[in-house]
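Everything on this sheet refers to the single structure shown next.
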Amino acid sequence: MMWNCIETDPFKKGTAYFVGTKYKMDDYAPYIFKTEDYGKTWKKITTGINPMHFTRALRADHKRPGLLYAGTEFGMYISFDDGANWKKFQLNLPETPITDLTIKENDLIVATQGRAFWIIDDLGIVQQHQAANYAKNIHVFDANPVVRSEGGGRRRGGFGGGMTANMGANPALGSVINYYLKGVTDSSKFSVTVLDKKNKVIRTFSKNAKDPQDKIEFTEGINQFEWDMNYPAAERLDGLILWNGGVGTVKAAPGKYTARFVFQKDTVLVPFVIKPNPNYAATEADLDDQTAFLLSVRDKFSEIQKAIKDIRAVRSQVNEFTAKLDGQKELKAFADSVVKKMTAIEETLYQTKAKSGQDVLNYPIRLNDKIAGLFNVVASGQTAPSKQAKEAFADLAAQSDVALNRLKAVMASDVKALNQMIHEKMVPVIGIK
């Protein structure tokens, strides 16, 4: 007998598992023995394993007592009853010799002979497997903690930009929560809302969300929800030339968060944790301060972008209307004055003379571009915002508010008066000259 693997039980003292082979003696039977009394007595535990699949490795789960994983010459097996019964556990793993197994950070790592390393990124579903879970309309599995990292979405394996059919997928960069749904139809209502440390809504994901970034798909059975730990992005406005490239997303600070799953009439709340990146010395309070500051900057930037959108929408309507006027000098003059006021505000908020990426070298950047630059500086580090950054933002925000309040006055007074004048003069909207 050649002994390949010895594994001690992480929950019971005196319990160990020995895995051996005799294939060199033309005996291909699996050999797994368990002792519960420090080796005084032994019991063979191979029921369910193919009699020709000789065993090479066994590991005990670190969280669920009695959950065992076994590697054989012809693939994987799993036992939920401390080895009393085994069944195949191949999933998408090719049928290949399993030479060793290990568990790290709740991932099962499988060493194969000729098929490289395979990893199950999260054993949570396996550890929490119970028949009762699937009798409910919705069951949400406990989530593993995730380290706060840069970027978002799912990273893919490989060295190039393209994917191939046999290329593995790296784990998601964000928080992953697995859930089970029963009775899904085309009209099923389902959403996931992420709540911050104070139970305030960060963002909501659903099948019919307006923002494509907030759309999720779900099916009958096991599903997986991924949140990249980013707050919703700033207001988008296509076609702007910004030297600082706009405002990106804001990463959630480390701490305890909650995901609210709603399926039809059922609601499930699931806590999850974002852990600090160990490569940085910043405290949770530092990163809370950074996140709160960046959200304030994002919101001010969004307010400016929305104002520019509104200015352009109103100006387009006014110009289209006045182009059709025949006579009506008083009305046209007033309409032109409204456009002029709004354009002056737009020029305060954004450098309208910029038509290419290099134009900002000749024409100074305006408030939205300056705020974007400040955002990028503070977001580039893993620390609380500096005193200078806060003072700079206070100054830029105050200047922005002056322009934004002027726009509110124009919309509330001038645009309203223009609409009233059009109504009083009964100017025809449709007709031919």
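Considering only the stretch 41-70, state which residues are over 33 Å from the mean Cα position of the chain (by Cα), assigned to a strand (DSSP E or B) and in contact (Cβ under 8 Å) with a residue 24 or more places away in the chain.
The first filter runs over the stretch 41-70 and keeps only residues over 33 Å from the mean Cα position of the chain (by Cα), leaving 41-58, 66, 70.
Among the residues that remain, those that are also assigned to a strand (DSSP E or B) are: 43-44, 55-58, 70.
Those that are over 33 Å from the mean Cα position of the chain (by Cα), assigned to a strand (DSSP E or B) and in contact (Cβ under 8 Å) with a residue 24 or more places away in the chain: THR55, ARG56, ALA57, LEU58, ALA70.
Residue pairs whose Cβ atoms lie under 7 Å apart, separated by 6 or more positions or on different chains, with the first residue in the stretch 359-379 and under 15 Å from VAL247 (Cα atoms) and the second surrounded by 18 or more Cβ atoms within 10 Å (Cβ to Cβ) and of a type in the set (Lys, Arg), are ILE371/LYS300; PHE375/ARG298. Inclusion of PRO51 among residues that are assigned by TED's automatic domain parsing to the domain that holds ILE78 and exposed (fewer than 13 other Cβ atoms within 10 Å of the Cβ) is warranted. The requirement of being touching a residue at least 12 places away in the same chain (Cβ under 8 Å), surrounded by fewer than 19 Cβ atoms within 10 Å (Cβ to Cβ), of a type in the set (A, V, I, L, M, F, W, C) and in a strand (DSSP E or B) is fulfilled somewhere in the stretch 222-237, by at least one residue. Pairs linking a residue in the stretch 109-134 that is among the hydroxyl-bearing types (Ser, Thr, Tyr) and modelled with pLDDT of 90 or more to a residue that is exposed (fewer than 13 other Cβ atoms within 10 Å of the Cβ) and not in a strand (DSSP E or B), with Cβ atoms under 8 Å and 6 or more positions apart or on different chains, are THR112/PRO94. Only one of the numbered conditions (1) under 26 Å from ARG115 (Cβ atoms); (2) surrounded by fewer than 20 Cβ atoms within 10 Å (Cβ to Cβ); (3) within 43 Å of the chain's Cα centre (by Cα) is violated by LYS13, and that is (1).
Of LYS324, LYS353, LYS265, all but one fail to be exposed (fewer than 14 other Cβ atoms within 10 Å of the Cβ), over 17 Å from VAL415 (Cα atoms) and not assigned by TED's automatic domain parsing to the domain that holds SER386; the exception is LYS265.
Condition check ((1) crowded, with 16+ Cβ neighbours inside 10 Å; (2) in the same structural domain as GLN290 (by TED's automatic domain parsing); (3) within 19 Å of VAL338 (Cβ to Cβ)) across all residues:
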residue: TYR363; (1), (2), (3): no, yes, no
residue: LEU367; (1), (2), (3): yes, yes, no
residue: ILE371; (1), (2), (3): yes, yes, no
residue: GLN388; (1), (2), (3): no, yes, no
residue: LEU396; (1), (2), (3): yes, yes, no
residue: ASP401; (1), (2), (3): no, yes, no
residue: MET411; (1), (2), (3): yes, yes, yes
residue: LYS416; (1), (2), (3): no, yes, yes
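For the stretch 80-91, a residue qualifies if it is within 15 Å of VAL126 (Cα to Cα) and without any contact (Cβ under 8 Å) to a residue 40 or more places away in the chain, and the qualifying residues are ASP81, LYS87, LYS88, PHE89, GLN90, LEU91.
Table: residues versus (1) in contact with a strand residue (DSSP E or B) (Cβ under 9 Å, 6 or more places away or on another chain); (2) modelled with pLDDT of 95 or more; (3) closer than 23 Å to ARG236 by Cα.
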residue	(1), (2), (3)
LYS309	no, yes, yes
VAL318	no, no, no
PHE321	no, no, no
LYS329	no, no, no
LYS332	no, no, no
GLU346	no, yes, yes
LYS355	no, no, yes
ASN362	no, no, no
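For the stretch 89-108, a residue qualifies if it is modelled with pLDDT under 95 and aliphatic (A, V, I, L, M), and the qualifying residues are LEU91, LEU93. Say we look at the stretch 23-40 and pick out the residues that are at pLDDT 95 or above and either under 24 Å from ASN106 (Cα atoms) or of a type in the set (Lys, Arg) (or both); which of these is farthest from the chain's Cα centre (by Cα)? Per the criteria, the residue is LYS40.
Flag: THR249 matches the condition of being within 30 Å of ILE365 (Cβ to Cβ), in a loop (DSSP other than H, G, I, E, B) and of a type in the set (Ser, Thr, Tyr). Kindly indicate whether any position in the stretch 71-79 is free of Cβ contacts under 8 Å to residues at least 40 places away in the same chain and surrounded by fewer than 18 Cβ atoms within 10 Å (Cβ to Cβ). The answer is no; no qualifying residue exists. Of the residues making up the stretch 290-311, none is closer than 30 Å to GLU424 by Cβ and without any contact (Cβ under 8 Å) to a residue 40 or more places away in the chain.
If you go through the stretch 385-433 and pick out every residue that is over 30 Å from LEU374 (Cα atoms), in contact with a helix residue (DSSP H, G or I) (Cβ under 9 Å, 6 or more places away or on another chain) and either at pLDDT 95 or above or in a helix (DSSP H, G or I) (or both), you end up with 7.
The values are calculated or read from the model by the stated rules, or taken from the named source; none is laboratory data. Source: prediction; values computed, not measured. Heads up, the Cβs are rebuilt from the backbone with ideal geometry, glycines too, and the neighbour counts pull from every protein chain shown.
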